[in-house]
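The values are calculated or read from the model by the stated rules, or taken from the named source; none is laboratory data. This one's a predicted model, so the numbers in the text were calculated from it and none came from an experiment. Here the Cβ positions follow ideal geometry from the backbone for every residue, glycine too, while neighbour counts run over all protein chains shown. All accessible areas refer to the heavy atoms of the entire protein, side chains included, with ligands and DNA or RNA removed. Shrake-Rupley method; radii C 1.70, N 1.55, O 1.52, S 1.80 Å.
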Amino acid sequence: MLEITLPDKSKRKFDKPISVEDLAMDIGPGLAKATVAGRINGVLVDASEIIKKDAKVEIITSKDDEGIEIVRHSCAHLLAHSLKQLYPEVKLAIGPVIDNGFYYDIQLDKALNDNDLQAIEDRMLNLAKTDYKVVREVVSRKKAVKTFKDRGEPYKVTLAEEIPDEEIIALYHHEEYIDMCRGPHVTNTKHLRAFKLTKVSGAYWRGDSKNEMLQRIYGTAWQSTKDLESHLVQLEEAEKRDHRKLGRQLDLFHFQEEAPGMVFWHPKGWTVYRALEDFMRIKQIESDYEEINTPEVVDRKLWEESGHWDKYRENMFITEIDEEHANEKRTNALKPMNCPCHVQVYNQGLKSYRDLPIRFAEFGSCHRYEASGTLHGLMRVRAFTQDDGHIFCTEEQIEAETKSFIELLSVIYSELGFKEFEIKLSTRPDVRVGSDEVWDKAELALEEAIKNLDLKYEISEGEGAFYGPKLDFVLTDALGREWQCGTFQADFILPERLGSTYVGDDGEKRQPVMIHRAILGSFERFIGILIEHHGGSFPVWLSPIQAQILNITDKQGEYSEKIRDLLQKNGFRAQSDLRKEKIAYKIRDHSMQKTPFLLVVGDKEKENETVSVRARGGEDLGEMSIKEFMGILKKKINAKE
């Protein structure tokens, strides 16, 4: 007798082994129709898996997180099947699940375009509608290798040859098509209906620029057509808000081949940058941080002492310099992070427990080598500036510093227009340094600080850094997308490696705890997030131009410049557009530039010494004195609107 326990604690008994999908049918035809997989004693399996022993079993549908991932993974296989039918010569590489969808890397001499994508998607839909079965076959590595050699799939052969002996190898048969995967997958293509191919791009085999370039086809898949359509609308909105597109439209910045991954800031973009930097500087000074500045080029000796030379060298920009009057070369590196340099500042002079905590902040310029294929506008660059900070404190001070940091971060995020953020507490990994006693103290201190602030959080077991636990802060933008920006990491190792000490109340030397913290993460990436969050319509206090004065004819030119000068004298960012263009053209042009306020001046305004004000979005605020307008502007800026 076979006994199966369901999630609601109810039990079902059977005279013989039964598959997950047959169990679902026994429970009800509606559930059977929706079943895409199962979980047996906590292990995710195909719906065709046979339950042979007493077990706890959960039915997985596409409404479950694991279920929709299985649907997306199966869509990747459906994509590959379609490609094989349309282009028999195609060589398949990998096809994993990603956020909201999937992709497949392929080698194909033909460069695919949008029309090709539509043809591939149509073939996928036709294949899915046949409702063919997907059959799983467990094979030996030898058979897997032979299967793909016979089918002329070199990438699959390489992958099969590298699978460890102890790992199960499964082939999934889709009519005449065969793929290799850990699974699970849907057992029938009837579950694959709501999908869409979105784009094609280049990708190196295994992400290594030394390897050949492949084509990567992206797609998105959902539980229902309604969910798919909703997502496509969001994608359309995201495309409108793309910071790269808006960066060009608003004349904020650009990139070029001579400096890949490094930003050329234009006057307007740099104005936004500086306004954000000034804002952060004031907030940090108010929270008792001392601002410092450290070198960008540092001898390899320091990176060897800190451990970065061994663990991070491949991501560092290395330089060799011929020392004057010497027959040797000195090896330096552009700093990829600021922490070792901050320790050098701390180490100058004797520190007492009475001096702690010491809080350093730096707008530190860093360089990291990122593969060219991973660069993405402001979101992923090679040169960036961190709003970096390091706190040197005692173990007993960790909780108070955590609380203080979260309070500061909450205020900053709120004033920047982000009302929601999540906190993730990452605990000790299997490979770590430091005693369990120290880890216990650090994890408890971080957790207690969150609890005392009555904030929600989730624990990421084993995701901490090797040197200590950490908190990650995840923002939600206007489109519901999540961005991990802030971080707070307790480090017991770097102070030890670099010889940091303080004199305790007993007169003995002790090592401080070093807390690595950032709120924005990097200015470049955060400005990219701000652009997309606001759709380019920055709040008034961040807008590169807060008011644009538009004269109707040349007669008001001098008056327009007088207003501009008065606004600038009072600390506002204003310009005057004196071009010999029709006023309607000027209004339309600066509306496209998303300027918060347009001040129109004609003969009447000149005579009355007033301005006619149009707010962003077309709202007519009417005629008013310049003093009245400055009051409105000041109120908006103070409110961070």
(request) Select from segment 415-446 the residues that are part of a helix (DSSP H, G or I) and open to solvent by 50 Å² or more (accessible area, probe 1.4 Å) and list them in ascending order. (result) 415, 436, 437, 440, 441, 444
(request) Could you grab me the full set of residues in segment 1-43 that are closer than 18 Å to residue 190 by Cα, free of Cβ contacts under 8 Å to residues at least 40 places away in the same chain and hydrophobic (A, V, I, L, M, F, W, C)? (result) 20, 24, 25, 31, 32, 34
(request) Can you confirm whether segment 323-345 contains a residue that is within 30 Å of residue 205 (Cα to Cα), open to solvent by 90 Å² or more (accessible area, probe 1.4 Å) and at pLDDT below 95? (result) no
(request) For segment 465-477, state whether one or more residues are open to solvent by 60 Å² or more (accessible area, probe 1.4 Å), free of Cβ contacts under 8 Å to residues at least 60 places away in the same chain, closer than 20 Å to residue 400 by Cβ and touching a Leu at 6+ places or on another chain (Cβ under 9 Å). (result) no
(message) With the requirement that a residue be under 20 Å from residue 46 (Cα atoms) and of a type in the set (S, T, N, Q), what does segment 132-155 give you?
(response) 140
(request) Answer yes if at least one residue in segment 95-109 is among the hydrophobic types (A, V, I, L, M, F, W, C), in contact with a helix residue (DSSP H, G or I) (Cβ under 6 Å, 6 or more places away or on another chain), open to solvent by less than 60 Å² (accessible area, probe 1.4 Å) and part of a helix (DSSP H, G or I), and no otherwise. (result) no
(message) One residue is enough: does segment 300-319 have a residue meeting the conditions open to solvent by 20 Å² or more (accessible area, probe 1.4 Å), within 26 Å of residue 255 (Cα to Cα), in contact (Cβ under 8 Å) with a residue 60 or more places away in the chain and among the polar types (S, T, N, Q)?
(response) no
(message) Looking at segment 487-542 only, could you name the residues that are β-branched (Val, Ile, Thr) and either in contact with a strand residue (DSSP E or B) (Cβ under 7 Å, 6 or more places away or on another chain) or surrounded by fewer than 21 Cβ atoms within 10 Å (Cβ to Cβ) (or both)?
(response) 487, 493, 501, 503, 513, 515, 519, 529
(request) Write out, first by first residue and then by second, each pair whose Cβ atoms fall under 6 Å of each other, whose residues are 6+ apart or on separate chains, and whose first residue, in segment 270-288, is in contact (Cβ under 8 Å) with a residue 12 or more places away in the chain while the second is among the aliphatic types (A, V, I, L, M). (result) 272/542; 275/542; 283/412; 284/361; 287/408
(request) Would you be able to tell me the number of residues in segment 491-507 that are assigned to a strand (DSSP E or B) and modelled with pLDDT of 90 or more? (result) 2
(message) Let me spell it out: the conditions are (1) under 20 Å from residue 170 (Cα atoms); (2) surrounded by 18 or more Cβ atoms within 10 Å (Cβ to Cβ); (3) of a type in the set (A, V, I, L, M, F, W, C), and residue 135 meets all of them except one. Which number is the exception?
(response) (2)
(request) Any chance you could count how many residues in segment 110-120 are in a helix (DSSP H, G or I), surrounded by fewer than 11 Cβ atoms within 10 Å (Cβ to Cβ) and small (Gly, Ala, Ser)? (result) 0
(message) If I go through segment 207-258 residue by residue, how many of them are within 30 Å of residue 109 (Cα to Cα) and either outside any helix (DSSP H, G or I) or in contact with a strand residue (DSSP E or B) (Cβ under 9 Å, 6 or more places away or on another chain) (or both)?
(response) 21
(request) Residues being in a strand (DSSP E or B), within 21 Å of the chain's Cα centre (by Cα) and farther than 16 Å from residue 387 by Cα: count how many of those fall in segment 451-473. (result) 6
(message) Given the criteria within 29 Å of residue 382 (Cα to Cα) and either surrounded by fewer than 20 Cβ atoms within 10 Å (Cβ to Cβ) or in contact (Cβ under 8 Å) with a residue 24 or more places away in the chain (or both), does residue 449 qualify?
(response) no
(message) For the structure I just gave you, tell me whether residue 585 is open to solvent by 40 Å² or more (accessible area, probe 1.4 Å), of a type in the set (Phe, Trp, Tyr) and at pLDDT 95 or above.
(response) yes
